[in-house]
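A.B. asks: Let me begin by handing over the structure; questions about it come next.
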Amino acid sequence: MKPTYKIALVGNPNCGKSSLFNALTGLRQKVGNFPGVTVDRKTGYFSLKDGREVSLIDLPGTYSLYPSAEDEKVATSTLANPKDSDHPDLVVLVADATNLRRSLLLCTQVMDLGLPVVLAINMADLLEKEGRSLNAALLSSLLGIPVVVISALKGLGIKELIDEVAKPHQPSAKPFFVVPGSFDAVLVPVIKKIGTASRYLAWLLLMRPENFSWLDSDPILPDSSSHLLDDQESLVNNEMAVRYDRINAIVEQVEGSPLRPGHRLGDRLDRVLLHPVLGYVIFVGLLGLIFQSIFAWASYPMDWIDAGFSAGGEALRGILPEGWFTGLLIDGAWAGLGGIVIFVPQIAMLFFFISILEDSGYMSRVVFLMDRIVRPFGFSGKSVIPLIGGMACAVPSVMMARNIPSRAERIITIMVTPLMSCSARIPVYVLLISMFVPDTRFLGIFNLQGLVMTGMYFLGFFMALAVAWVIKTVARYSSGGIFVTELPIYRLPRWRNILLTMYHKSRTFVMEAGKVILMISMVLWFLKTYGPQEKMAAIDAEYLPKIEATADEKEKATLQDAQGAAKLQASFAGVVGRAIEPVIRPLGFDWKIGISLLTSFAAREVFVGTMATLYSAGADAAEDEDGKFEGLRARMKAEVNPVTGKPVYTAATALSLLIFYAFAMQCMSTLAVVKKETGSWKLTFVMLAYMTGLAYGASLLVYQLCS
Amino acid sequence: MGKGIFPKKRLHLLHTLENDAKNGMIWLAELKVGHEALVLSIQDPQLKLALLRIGLLEGDKVLLTEQAPLGGPMAFRVRGGKIAMRRSDAAKVQIKLLA
């Protein structure tokens, strides 16, 4: 196999790096993980004219080699560590034509590391539109590196870039920033120890030793001269000042006139979108629109998937021989898989909309609007994105918390996101609300049931804020972090990027959450289907003859439903349900609800299906025409407690159950993702514990108060 | 201190700003929407680095374009585009009023 040429794409966030990556690699790309950190690792391949294969890695966007967030650290260490498996042979530095100065800061730092660099100035189309000029040739000679002007979006200059990349390249002969000789005493031992030719690398290490954990040597600082390193902040600031002085001089010669593309439109948009009143109105309106769309449109593919999996299950059942293994395969694994895949439309759509918001530049405006509001609760503006996403599904939203630089804020956000009313809770809400909330109009215009539904959403939101506040107070965390963000230019979304993001995130969800759900689905299937031998045999003995005896299809179906219900009651799940009944009785629940609570631990919507089975309301109960579970509801209402003679399902029970579902952690996928993103079992268990406790406590309170 | 609109910290901030104005020092936090200023110095080294990384240097001009309500962040037009920062951070940036 020919040795691959390793190239890294480096650049500021929002510089169009991903567009270039997509343009170069097309579909020959893969998204994985960097070991030990939750940062996406995007790699891909493309070929050069001479037949060589290029392995391209799109490093996370960073402003400088003094990283401030997890993903920036990864970019820095990949470039600094020659032994890193992703360490490139060549760097393509993607610069933003509208922010050349800042891009050059990063560029000169990378050059000083001793890596060969090709500078690709992106957004050339904006240059042309404005009629501005940029003397690329002069820039190239002043910097001492090749410069190619491209527009990744329009596909301009890509061929020229590929040709340039194919040529042999050397690291820059002279460093851009010359580390003062006065530091030799500390630098030389470091240089010798790492074995590098780059004084700048040694300087970087001394300025930020904490970022160099990949060097498993002990602190290299010699004691005697360490006074030189007393004030690292000033040293770094001075270095930046020196770099910018040179960069300013260069840019002045090279730029026709300062570039301000699209500012007029952007300014006008901002005046509306960041308006103290209108801005918020628009934001809430947009959110409403997005969620409506997700619920409305996602239901079609969800129904197809549901039907598809049911049909597939039946087909399999027809082919495979009867036996426990078939049961495990079809009702356990296949059904479990269906339970995962059915989420994909919602997740894909959620990411679709969020990617549009991010790509267009609107997302940073949202962060701007919400920062002041969420700060008292321990969040920063950036936490809003996962919180919003949590209203559709917590699983991808927890992943989105990666954008939050402050670890404390990130954790608070993750811990609290599952409280937002996610879409899986909807079937449960609908069942209970339609049972006990009259279908009337409130104040003449508002549908009472709809109001209660909306109320549940607000409940989740306010509880999330409350819990965050508690965590913040208990942990004595003061949200004092420095908050400085860019408000990028508004742009039309780049559809290729968006579709690729949708694909990658959905795939991650299925892979990660999928494994966990599948396993637990199978365990639950076992618990639901099997029980103490004698009891199961007795049920069969009772029902089978009766079923054989009748010819009437309807009566057969009824008997089979009853048999199913009896079996469920006798199964291990039923045993557990009865065992926990004393614990849940103060909440107004009986053992049947107990079983359903247990089974819905896999995924919340399973609650309705399990209830349907328990009440032998038949398989159709969960998929009613009007979506309101007529059959199931009727039977639930008719249920009478044998001991007290009173109905089991009172309004108080329903309310208590609603509250329980609002707060309980009943989603293994979420737990799996939280463990992955926080890297801590302890935090995951803490979340499980507090949510369960909260659900139990609130439910208890509500039931006792209402009955 | 509290969750109120005017927590102790903020009252203190306003008080300090008033004092500085008497001494002739003006801070970025006091800039009004639509006005331009020249950044003289950034006192806090961490803030300075954060701003440097995002492309704002001492000696640059800034124009305050939007101000979020209730003491929220401020949005500025700077040389390379637009940035946002919290008022508490803007209070550490010394400026000279231009227009």
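The values are calculated or read from the model by the stated rules, or taken from the named source; none is laboratory data. Just so it is clear, the model here is predicted, and its values are computed rather than measured. Note: ideal-geometry Cβ built from the backbone for every residue, glycine included; neighbour counts use all protein chains shown. Only protein heavy atoms, including side chains, enter the accessible area calculation; ligands, DNA and RNA are left aside. Shrake-Rupley method; radii C 1.70, N 1.55, O 1.52, S 1.80 Å.
A.B. asks: Which pairs break 26 Å Cα to Cα here: B:LYS48/B:LYS96; A:LYS42/A:LYS154; A:LYS17/B:LYS32; B:LYS32/B:LYS92; A:LYS675/B:LYS82?
C.D. replies: Details: B:LYS48/B:LYS96 17 Å; A:LYS42/A:LYS154 22 Å; A:LYS17/B:LYS32 36 Å; B:LYS32/B:LYS92 16 Å; A:LYS675/B:LYS82 36 Å.
Those over the limit are A:LYS17/B:LYS32; A:LYS675/B:LYS82.
A.B. asks: What residues of segment B:65-99 lie in the reach of a label at B:GLN43, counting those whose backbone N is under 12 Å from a point 7 Å from the Cα along Cα→Cβ?
C.D. replies: Those under the cut-off are B:89-95.
A.B. asks: Calculated from DSSP H runs of 4 or more alone, at -39500 (n - 2.57) each and per residue, what is the 222 nm mean residue ellipticity of chain A, nearest 500? List each step's numbers first, then the result.
C.D. replies: Values: 30 runs with 415 residues, N = 707.
Dividing the helical sum by the residues of chain A leaves -19000 deg cm²/dmol.
A.B. asks: Ranked from the most accessible area to the least, with a 1.4 Å probe and all protein chains present, what is the order of A:MET463, A:MET240?
C.D. replies: Working: A:MET463 45, A:MET240 0 Å².
Highest to lowest solvent-accessible surface, that is A:MET463, A:MET240.
A.B. asks: For peptide A:91-103, how many partner chain Cβ atoms fall within 10 Å of a residue's Cβ, on average?
C.D. replies: Working: counts 0, 0, 0, 0, 0, 3, 0, 3, 6, 2, 5, 9, 2.
The shielding value for this peptide is 2.
A.B. asks: Go through A:GLN346, A:MET400, A:TRP203 and say which Cα lies farthest out towards the positive end of the charge dipole of the protein assembly as shown; charges sit on Cβ, +1 for Lys and Arg, -1 for Asp and Glu.
C.D. replies: Towards the positive end, the residue furthest out is A:TRP203.
A.B. asks: I need the per residue convex hull volume for chain A, using only the alpha carbons, in cubic angstrom as a whole number. Working shown, then result.
C.D. replies: On the way: hull volume 143.8 nm³, N = 707.
So the per-residue hull volume is 203 Å³.
A.B. asks: Starting from the Cα-Cα distance between A:ASP245 and A:SER47, subtract it from 0.36 nm times their residue separation and give me the gain in nm to one decimal.
C.D. replies: That works out to 67.4 nm of additional length.
A.B. asks: List the residues whose amide H sits under 5 Å from the amide H of A:LEU156, counting only those 5 or more places along or on another chain, with H placed 1.01 Å from N in the peptide plane.
C.D. replies: A:SER151
A.B. asks: Determine the per residue accessible area of chain A with all protein chains present and a 1.4 angstrom probe, expressed in square angstrom.
C.D. replies: Numbers: 31440 Å² over 707 residues.
That works out to 44 Å² per residue.
A.B. asks: Would you rank A:TYR5, A:TYR661, A:TYR530 by solvent-accessible area, highest first, keeping every protein chain in place and using a 1.4 Å probe?
C.D. replies: So the residues, ranked largest to smallest area, are A:TYR530, A:TYR5, A:TYR661.
A.B. asks: While we're looking at this one, here's another question. Chains A and B: how much accessible area gets covered up at their contact, both sides added, probe 1.4 Å, in Å² to the nearest hundred?
C.D. replies: That pair of chains buries around 3600 Å² in total.
A.B. asks: Where in chain A are the DSSP H helices whose C-alpha atoms run 30 Å or more along the long axis and whose mean Kyte hydropathy is at least -0.5?
C.D. replies: A:232-254, A:278-319, A:448-474, A:495-529, A:681-706
A.B. asks: Assuming 0.36 nm per residue, please report the length gained on full extension of the stretch A:SER707 to A:ARG28 beyond their Cα-Cα distance.
C.D. replies: Stretched fully, the A:SER707-A:ARG28 segment lengthens by 238.2 nm.
A.B. asks: How far is it, in nm, from the label point at A:ILE426 to the one at A:LYS192 when both lie 7 Å from their Cα along the line to the Cβ?
C.D. replies: If labels sit at A:ILE426 and A:LYS192, their model points lie 6.8 nm apart.
A.B. asks: Pop out a list of residues from segment B:46-71 that are at least 40 Å² less accessible with all the protein chains around than in their chain alone; 1.4 Å probe, no ligands or nucleic acids counted.
C.D. replies: Listed in order, they are B:LEU49, B:LEU52, B:ARG53, B:ILE54, B:LEU57, B:GLU66, B:PRO69.
A.B. asks: Check A:ALA95: other-chain or 5+ apart residues with amide H under 5 Å from its amide H, H built from backbone geometry?
C.D. replies: The answer is A:ALA120, A:ILE121, A:ASN122.
A.B. asks: Run the quick spin-label model on A:TYR530 and A:GLN292: label points 7 Å from Cα toward the beta carbon, then report their separation in nm to one decimal.
C.D. replies: The answer from the label model is 5.1 nm.
A.B. asks: Let me ask something else. So, in nm, how far is label A:ILE547 from label A:LEU265 when the simple model puts each one 7 Å beyond its Cα toward the Cβ?
C.D. replies: 6.5
A.B. asks: For A:ASN14, which sequence-distant residues (separation of 5 or more, or a different chain) have an amide H within less than 5 Å of its own amide H, given hydrogens modelled in the peptide plane?
C.D. replies: So A:ASN14 has HN proximity to no qualifying residue.
A.B. asks: Next question, about the same structure. Would you kindly state how much longer the chain becomes between A:ASP231 and A:ARG507 on full extension, computed as 0.36 nm times their sequence separation minus their alpha carbon distance, in nm to one decimal?
C.D. replies: Additional length available on full extension: 94.7 nm.
A.B. asks: Got a sec? Charge dipole of segment A:1-125, +1 on Cβ for Lys and Arg, -1 for Asp and Glu; which of A:ALA95, A:LEU113, A:ILE57 is way out at the positive end?
C.D. replies: Of the options given, the answer is A:ILE57.
A.B. asks: While we're on this one: What does the charge dipole of segment A:481-561 about its Cα centre add up to, to the nearest 20 debye, if the Cβ of each Lys and Arg holds +1 and the Cβ of each Asp and Glu holds -1?
C.D. replies: It works out to roughly 920 debye.
A.B. asks: So if I place +1 on the C-beta of Lys and Arg and -1 on the C-beta of Asp and Glu, and nothing else carries charge, what would the dipole magnitude of chain A be about its Cα centre? I want it in debye, nearest 20.
C.D. replies: Dipole about the Cα centre, nearest 20: 800 debye.
A.B. asks: Then there is this: Is there a quick way to get the dipole size of segment A:294-395? I mean about its Cα centre, with the Cβ of Lys and Arg at +1 and of Asp and Glu at -1; what is the value in debye to the nearest 20?
C.D. replies: Taking the Cα centre of segment A:294-395 as origin, the dipole is about 580 debye.
A.B. asks: Right, something else. Could you tell me which of A:GLY378, A:GLN569, A:CYS422 has its Cα farthest along the dipole of chain A towards the positive end, charges placed at Cβ (Lys, Arg +1; Asp, Glu -1), taken about the Cα centre?
C.D. replies: A:GLY378
A.B. asks: Here's something else I'd like to know. I'd like the carbon and sulfur percentage of the solvent accessible area for the protein assembly as shown, probe radius 1.4 Å, heavy atoms only, ligands and nucleic acids excluded. Could you put the intermediate results ahead of the total?
C.D. replies: On the way: 22450 of 36070 Å².
Here carbon and sulfur together make up 62 percent of the probe-accessible area.
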